[in-house]
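First the structure, in the form of structure tokens, and then the observations on it.
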Amino acid sequence: MTTPLNLGFARIGAKRELKKAVEAYWASKISAEQLLSTAREIRKLHWSWQSEAGIPEVPSGDFSLYDHVLDTAWMVDAIPSRFRELNLSGDLDLYFAMARGIAGQTATQALEMTKWFDTNYHYLVPEFTGAEDFRLRRNPQLDAYREAKAFGFAARPVILGPVSFLLLGKSRQAHASTAALLDRLLPAYEELLRTLADEGAASVQIDEPVLATDLADEERGLLTKAFTRISKAAPLKILLATYFAPLRDNLEHALQLPVHAVHLDLVRGLEQFDGALRLAPKNLTLSLGLVDGRNIWKADLTQAVELAEKAIDRLSGDRIMVGPSCSLLHVPIDLSNETALAPEIKDWLSFGRQKLAEIVTITRALNEGRDAVRAELEANRESLAKRRRSESVHNAGVGRRLRAIRNSDFVRTKAFDERKPLQQAALGLSLLPTTTIGSFPQTEELRRQRARRRRNGISAEEYDGYIRQEITHVIREQEKLGLDVLVHGEAERNDMVEYFGELLNGFTFTQNGWVQSYGSRCVKPPVIYGDVTRRGPMTVRWWQFAQNLTTLPMKGMLTGPVTVLQWSFVRDDQPRRDTCFQLALAIRDEILDLESAGCRVIQLDEPALREGLPLHKADGSDYLHWAVDAFRLATAGVRDSTQIHTHMCYAEFNDIVDSIAAMDADVISLESARSQMELLDAFAGDRYRNDLGPGVYDIHSPRVPSSDEMLELLKKALAFIPAVRLWVNPDCGLKTRTWQEVTPALQHLVTAARTLRQILSDGGGPLS
Ligand code: GLN
Ligand code: ZN
């Protein structure tokens, strides 16, 4: 008998019930008891869905009020001293303090947040000093298991593995070696497993996603040590879960660990399938991740059944499980809540609940024979066939245009050194030009009008009038501040990807397709289902309106192809690269339209470029190649006198400087205020030769930095970048800040630039 399983489910609720409850608790609108009871209701509902779908053992402990890595830190007492010292009365408040910090107390800064592998989910980074005395401080896993049992569900606790937990954290002290930390951590895990076994659990799922990354021998050794010990702690069947990529060099090692079963992601890592069948030791069970937990397309059920049959032939049915490729945390919950999707497209999609049904159908075909689910398999084949043939997916013109791309389409006519004087002649900018990244504060009023427009509460004309007013205001403020290159403020955009998606063919949008990004924050990624084409100019009208209000240069503002790709659900019927190039061609046309309208400075934001990097280093260069090519394809059509800017944030750039240089943007603005310009080291010398604006104003904080502080940062920057190539700008867009913060901060920014210009024209004396 082959067993269906699920590795984890979304927590946020099909209608974001958890988000609403958590935020209400933060705003003191509901009590802790009310929050916990809502959370309990959500868990119960989600368990019942999974159980009704036919999943015999539902995952428990996969739920979280904020983040499961934080939960693990909290469970094993990895609580940094700055939080302990708060002596908060309630545990819940301690938990949320670690997640969010405490307003007005800079000393109790929240844990850092970073991306969970290559997903758009962010986890909180545990901190280790090396002096930790890990212990089972609380046992939320036991609570969750008991709760499931009390509701009548057989459950399998889902636990973040000790090695991944440690490797995902950061050591505050160099001597906090992972090996030493592991020795101290394992007793807590052993005790945890004992409590679960005592309570009646038969199996646990231990996630070690680091197995899908490149590991050193020592790190693999840590996994051996950890699993050797915890496998002896209690009579539990351990399912070791890996996901997001093939295990490559870690595959054999993972299969040899003393566990009952190993889960492999066969959607992202089909290449490891044959190897796994060959290398699996005699008694090991393989759990096959056959249904994509990262995307929203229907699985090819027949193909999945065939793959699983191959595995059963080798290992026997009892040693095979079938599940999603990874936890269903990363997909929306329920397609049946979508009432506005085109029926043709809806027929191709599958969200969390639908994916569970797919998993059960595959297992039934294996256990009872394909005839038992003939109708399901046939309907599935028909949906896939329709999608393959659909005219809304395929546009012959797009294919022709892609094939006609020439090498010269990727390169500007002249090199940067020759372009720069032409741009300078066109723009006449002073030394150390000042600019901003694009958006300005999105006021309450603006949000209100946007919501009214969405409900049809105001006409398009009325809404436009409101946007005109906002843009005018933003421009007058920038003129008063004395900025050199202006922006229109992006008031007409709800979101930097959705705005363009709505204006392009090949995209569709869901009503409730929410996915957790971090804590209570969710995103609703657009769905790219077909060939991408532009219906017409997307930004030219607003750019023109803005430019007509001022004699200063107005930047055209666009989102880059890689970022649109990265923040959408992308079609799985062609390589990501092809979709990215289609986007690039549409943006190329937009850029040329902006240029024809008279735009001299065009910024193409690529904040997500780095996060598209695959988990294995060996796959990185292929990705970077096409990602950079897509940017170049979008931008290289302009005249040499037109200045192309790009912007990046949220990331370390050191390891991709050469790719950033290869993008050949005339100017790049980078997030760097928090790192005190340290990152510029990587851009110094010959590695990066174009203009660069390292952010001098940390827009993630409500703090208004003084002009002296920004001047200091600029002076530091001059150690790496000569003044003639240096721009002065904030770290990122200003839309999350208020005008009360932004106006003085930008005043200080302009003052800092002017002071430095003066110092330099006086001979640079005080610089040394
Ligand atoms: N132009 C965008 C803005 O200013 C850039 C946002 C981003 O980098 N995430 O809002
Ligand atoms: Zn940014």
Checklist entry - Any chance the range 546-559 includes a residue that's closer than 25 Å to V657 by Cα, away from ligand 2 (no atom under 16 Å from the Cβ), β-branched (V, I, T) and touching a residue at least 40 places away in the same chain (Cβ under 8 Å)? => result no
Next on the checklist: I'd like to know if the range 730-738 contains one or more residues that are more than 16 Å from ligand 2 (Cβ to nearest atom) and under 23 Å from R447 (Cβ atoms).
Outcome noted: yes
Item to check | Complete set of residues in the range 642-676 that are assigned to a loop (DSSP other than H, G, I, E, B) and either within 13 Å of ligand 2 (Cβ to nearest atom) or buried (at least 23 other Cβ atoms within 10 Å of the Cβ) (or both) | outcome: T642, C649, Y650, A651, F653, A665, E671, S672, A673, R674
Checklist outcome for this item: Reported set for the range 567-610 where residues are over 17 Å from I405 (Cα atoms), among the polar types (S, T, N, Q) and in contact (Cβ under 8 Å) with a residue 60 or more places away in the chain is S568, Q603
Checklist outcome for this item: By residue number, the members of the range 605-622 that are away from ligand 2 (no atom under 16 Å from the Cβ), hydrophobic (A, V, I, L, M, F, W, C) and outside any helix (DSSP H, G or I) are L613, L615
Next on the checklist: Of the conditions (1) farther than 24 Å from A32 by Cβ; (2) more than 28 Å from the chain's Cα centre (by Cα); (3) surrounded by fewer than 17 Cβ atoms within 10 Å (Cβ to Cβ), F153 satisfies every one except a single condition; which number is it?
Outcome noted: (3)
Next on the checklist: Of everything in the range 555-604, what is more than 16 Å from ligand 1 (Cβ to nearest atom), over 21 Å from N494 (Cα atoms) and assigned to a loop (DSSP other than H, G, I, E, B)? Give them in sequence order.
Outcome noted: R571, D572, D573, Q574, P575, A597, G598, R600
Next on the checklist: I'd like to check something: does the range 320-333 contain any residue that is farther than 23 Å from Q511 by Cα, β-branched (V, I, T) and either assigned to a strand (DSSP E or B) or in contact with a His (Cβ under 7 Å, 6 or more places away or on another chain) (or both)?
Outcome noted: yes
Checklist entry - Within the range 698-721, is there a residue that is more than 22 Å from the chain's Cα centre (by Cα) and assigned to a strand (DSSP E or B)? => result no
Item to check | Members of the range 83-136 that are of a type in the set (D, E, K, R) and either surrounded by fewer than 16 Cβ atoms within 10 Å (Cβ to Cβ) or in a strand (DSSP E or B) (or both) | outcome: R84, E85, D91, D93, E112, K115, E127, D133, R135
Checklist entry - Is one or more of the residues making up the range 483-503 among the β-branched types (V, I, T) and closer than 23 Å to L583 by Cα? => result yes
Checklist outcome for this item: Scanning the range 16-35 for residues that are under 28 Å from A154 (Cβ atoms) and in contact (Cβ under 8 Å) with a residue 24 or more places away in the chain gives E17, L18, L35
Checklist entry - Which residues, taken from the range 680-689, are surrounded by fewer than 20 Cβ atoms within 10 Å (Cβ to Cβ) and of a type outside the set (K, R)? => result D681, A682, A684, G685, D686
Checklist entry - Name the pairs: first residue in the range 428-446 and more than 24 Å from T551 (Cβ to Cβ) and in a loop (DSSP other than H, G, I, E, B), second residue within 16 Å of ligand 2 (Cβ to nearest atom) and among the β-branched types (V, I, T), Cβ to Cβ under 7 Å, at least 6 apart or on different chains? => result P441/V742
Checklist entry - Taking the stated definitions as given, is A451 in a helix (DSSP H, G or I) and either more than 30 Å from A636 (Cβ to Cβ) or without any contact (Cβ under 8 Å) to a residue 24 or more places away in the chain (or both)? => result yes
Item to check | Verdict on V259 being under 24 Å from M75 (Cα atoms) and part of a loop (DSSP other than H, G, I, E, B) | outcome: yes
Checklist entry - Taking the stated definitions as given, is Q469 free of Cβ contacts under 8 Å to residues at least 24 places away in the same chain, crowded, with 19+ Cβ neighbours inside 10 Å and part of a helix (DSSP H, G or I)? => result no
Item to check | So I159, is it within 28 Å of the chain's Cα centre (by Cα) and outside any loop (DSSP other than H, G, I, E, B) | outcome: yes
Checklist entry - From the list V393, V373, which one is aliphatic (A, V, I, L, M), over 26 Å from G733 (Cβ atoms) and not in a helix (DSSP H, G or I)? => result V393
Next on the checklist: Any residue at all in the range 398-408 that's within 30 Å of T361 (Cβ to Cβ) and modelled with pLDDT of 95 or more?
Outcome noted: no
Checklist entry - If you take the residues of the range 644-678 that are away from ligand 1 (no atom under 16 Å from the Cβ) and in contact with a strand residue (DSSP E or B) (Cβ under 7 Å, 6 or more places away or on another chain), which of them is modelled with the lowest pLDDT? => result M677
Checklist entry - Could you list, in sequence order, the residues of the range 693-712 that are surrounded by fewer than 23 Cβ atoms within 10 Å (Cβ to Cβ) and either under 21 Å from S659 (Cα atoms) or away from ligand 2 (no atom under 16 Å from the Cβ) (or both)? => result P702, R703, V704, P705, S706, S707, D708, E709, L711, E712
Checklist entry - Within the range 483-523, which residues are in a loop (DSSP other than H, G, I, E, B), away from ligand 2 (no atom under 16 Å from the Cβ) and either in contact (Cβ under 8 Å) with a residue 60 or more places away in the chain or surrounded by 22 or more Cβ atoms within 10 Å (Cβ to Cβ) (or both)? => result L483, D484, H488, A491, T510, Q511, N512, G513, W514, G519, S520
Checklist outcome for this item: Scanning the range 396-422 for residues that are outside any helix (DSSP H, G or I) and polar (S, T, N, Q) gives T413
Checklist outcome for this item: Note on the range 347-394: residues among the basic types (K, R) and either within 30 Å of T2 (Cα to Cα) or crowded, with 21+ Cβ neighbours inside 10 Å (or both) are R353, K355, R364, R370, R374, R381, R387
Item to check | Boolean, G200 is modelled with pLDDT of 95 or more and either over 15 Å from V163 (Cα atoms) or in a strand (DSSP E or B) (or both) | outcome: yes
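The values are calculated or read from the model by the stated rules, or taken from the named source; none is laboratory data. Remember, predicted model here, so these are calculated numbers, not experimental data. Heads up, the Cβs are rebuilt from the backbone with ideal geometry, glycines too, and the neighbour counts pull from every protein chain shown.
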